[in-house]
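The values are calculated or read from the model by the stated rules, or taken from the named source; none is laboratory data. For clarity, every value in this text was computed on a predicted model and none was experimentally measured. A quick note on method: Cβ atoms are made from the backbone with ideal geometry, for glycine too, and the neighbour counts reach across all protein chains shown.
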Amino acid sequence: MPDFADLYDQLELPQCHCLNESSEHTIRHCLDPGPGFLESDADEELLLTIKFMQAVKVSGIVVEAAVGDNGGPDVDTAPTSLKLFKNKVGLDFDSAKSDKPTEEVALSASDVKSGAKKELRFVNFQGVQELSIFIGANHGDGEVTRVGRVTVLGELVLQSGLKRTEEQQKAATAGDWGSSPKM
């Protein structure tokens, strides 16, 4: 499978949101390249909703641990697994726990420490407009989950087909309006 690009440029950032995020460490901190991290608020669970400007094909995901106080990756607060849902509008915590995900991804301590790419079943992630990610636990079994960076990998869905000629367009438009085309 070819190596796909980071889809950051395709994110509709104002529409991306996260349930149970800390007000100081929001989803924007883990999607934007640069320093910062996403942090849970009331407990260890997070529910991220990532929206794209147009349909994409998702091939993989990278989840990196947040930087700890010692300057290295804070693996204890990093997620242990992800439940991914494709185009599931209005997903909440109860649904995320009980509904069957499009795919579930296990994250080892070394995966989040190194930012390893986790390949997804490409056939399941075609035409993605919205990707929801449920995080239920962290490696340290603590009350706070932190995510340093989430990178969604893939490509745009290219629309293909024959383009109508100007004559065909005029004829079709005239047909729609019940009049003959003027040539």
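In table form, for the structure just shown:
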quantity	calculated
Meets criteria (modelled with pLDDT of 95 or more, small (Gly, Ala, Ser), touching a Gly at 6+ places or on another chain (Cβ under 8 Å) and more than 21 Å from Gln15 (Cα to Cα)) for Ser81	yes
Scope the range 100-117; condition under 15 Å from Phe134 (Cβ atoms) and either surrounded by 14 or more Cβ atoms within 10 Å (Cβ to Cβ) or aromatic (Phe, Trp, Tyr) (or both); matching residues	Pro101, Thr102, Glu103, Val105, Leu107
Residue list for the range 39-67, filter: under 19 Å from Lys117 (Cβ atoms) and of a type in the set (A, V, I, L, M)	Leu48, Ile50, Val56, Val58, Ile61, Val62, Val63, Ala65, Ala66
Test: residue in the range 17-31 that is out of contact with any Phe, Trp or Tyr (no Cβ under 6 Å at 6 or more places or on another chain), acidic (Asp, Glu) and closer than 15 Å to Val152 by Cβ	no
Per-region count, the range 22-36, residues within 16 Å of the chain's Cα centre (by Cα) and either farther than 23 Å from Leu91 by Cα or not polar (S, T, N, Q) (or both)	7
